[in-house]
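Chemist: Once you've had a glance at the structure underneath, I'll fire off some questions.
The values are calculated or read from the model by the stated rules, or taken from the named source; none is laboratory data. Predicted model only: the values in this text are computed from it and were never measured. Methodologically, a virtual Cβ is constructed for each residue, glycine included, from the backbone with ideal geometry; neighbour enumeration extends over all protein chains shown.
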């Protein structure tokens with residue numbers, strides 16, 4: 001189990017980004033984390049993967065634990081060796097290197113299993129086999145996202161932290177990414193999914209959390225969040241009286257419909 005308890009994170013000794021956040025990612029499960037831009041989702045992923053110091057962030061209170069042991073002060077490399085890998089928003093591939101060179105870099109903490117993990121990644125992403133000797137910078141956005149996920153899988157992680165994997169991708173590619181996440185999870189890897197496409201995230205997750213201004217404001221099974229009127233309105237763009245088929249309200253209706261969030265009352 002990967003967990004945070006009562007976590008407070010500060011940037012530059014000034015900006016309080018997380019305010020007492022608690023969250024669990026059980027082994028072998030998919031957990032969705034929803035929230036508007038600036039809610040603190042990426043900060044939480046950095047705290048879980050040891051990347052806060054890169055952004056001048058610091059844990060002031062609370063703890064991050066892996067299997068009950070504190071890892072709050074552990075480096076990103078140390079956490080990667082213990083099975084926690086983070087796929088950053090924006091893909092961040094090494095654009096001047098080939099596809100296979102990118103993947104081999106991802107195996108830095110699991111060299112003994114390089115051949116096995118490379119075969120696994122190519123099985124998951126057949127498109128990367130065709131591109132394996134090509135320069136990563138020439139890949140499409142969807143292919144670069146597949147490469148970023150594949151690179152993280154090269155160390156055989158127990159926990160995969162995905163930050164906006166569908167951002168900027170065409171609907172057909174989003175569906176492919178969704179199916180790949182499900183297959184990765186079926187193979188035994190737990191996933192913490194930060195995703196603006198809330199419908200997709202909640203449809204494949206078992207549990208979900210909603211963040212606002214650095215706090216967890218809702219914490220329920222994903223199916224319950226998907227059916228919740230507040231979540232449907234504020235995160236799926238649906239009115240409470242919209243049908244279960246997900247038909248969206250018109251912009252005019254939404255503009256003039258201002259029901260207050262119950263958790264903010």
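Chemist: How about the range 156-187: which of its residues are closer than 16 Å to residue 86 by Cβ and either within 12 Å of the chain's Cα centre (by Cα) or surrounded by 21 or more Cβ atoms within 10 Å (Cβ to Cβ) (or both)? Talk me through it step by step, then tell me what you get.
Modeler: Looking only at the range 156-187, we keep the residues that are closer than 16 Å to residue 86 by Cβ, and these are 156-165, 167, 181, 184.
157, 159, 160, 161, 162, 163, 164, 165, 167, 181, 184 - these are the residues of the range 156-187 that are closer than 16 Å to residue 86 by Cβ and either within 12 Å of the chain's Cα centre (by Cα) or surrounded by 21 or more Cβ atoms within 10 Å (Cβ to Cβ) (or both).
Chemist: Working only within the range 199-215, note down all residues that are in contact (Cβ under 8 Å) with a residue 40 or more places away in the chain, within 16 Å of the chain's Cα centre (by Cα) and surrounded by fewer than 22 Cβ atoms within 10 Å (Cβ to Cβ). Lay out the reasoning, then the answer.
Modeler: If we filter the range 199-215 for residues that are in contact (Cβ under 8 Å) with a residue 40 or more places away in the chain, which is where we start, we get 199, 201-202, 204-215.
Now narrow it down to the ones that are within 16 Å of the chain's Cα centre (by Cα): 199, 201-202, 204-211.
If the condition is that a residue be in contact (Cβ under 8 Å) with a residue 40 or more places away in the chain, within 16 Å of the chain's Cα centre (by Cα) and surrounded by fewer than 22 Cβ atoms within 10 Å (Cβ to Cβ), then 199, 204, 206, 207 are the ones that fit.
Chemist: Same structure again: Any residue at all in the range 225-233 that's out of contact with any helix residue (DSSP H, G or I) (no Cβ under 9 Å at 6 or more places or on another chain), closer than 23 Å to residue 91 by Cα and either surrounded by fewer than 20 Cβ atoms within 10 Å (Cβ to Cβ) or modelled with pLDDT of 95 or more (or both)?
Modeler: no
Chemist: Take the conditions at pLDDT below 65 and either in contact with a helix residue (DSSP H, G or I) (Cβ under 9 Å, 6 or more places away or on another chain) or part of a loop (DSSP other than H, G, I, E, B) (or both) and apply them to residue 238. Does it pass?
Modeler: Values: at pLDDT below 65: yes; either in contact with a helix residue (DSSP H, G or I) (Cβ under 9 Å, 6 or more places away or on another chain) or part of a loop (DSSP other than H, G, I, E, B) (or both): yes.
The answer is yes for residue 238.
Chemist: Please work out which one of (1) surrounded by 19 or more Cβ atoms within 10 Å (Cβ to Cβ); (2) more than 23 Å from residue 118 (Cα to Cα) is the condition residue 190 fails and give its number.
Modeler: Condition not satisfied by residue 190: (2).
Chemist: Here is a list: 84, 93. Which entry is under 14 Å from the mean Cα position of the chain (by Cα) and in contact (Cβ under 8 Å) with a residue 12 or more places away in the chain?
Modeler: Details: 93 fails: under 14 Å from the mean Cα position of the chain (by Cα).
After applying the criteria, what remains is 84.
Chemist: Additional query: Within the range 69-92, track down each residue that is under 19 Å from residue 58 (Cβ atoms), part of a loop (DSSP other than H, G, I, E, B) and touching a helix residue (DSSP H, G or I) at 6+ places or on another chain (Cβ under 9 Å).
Modeler: 71, 72, 75, listed by residue number.
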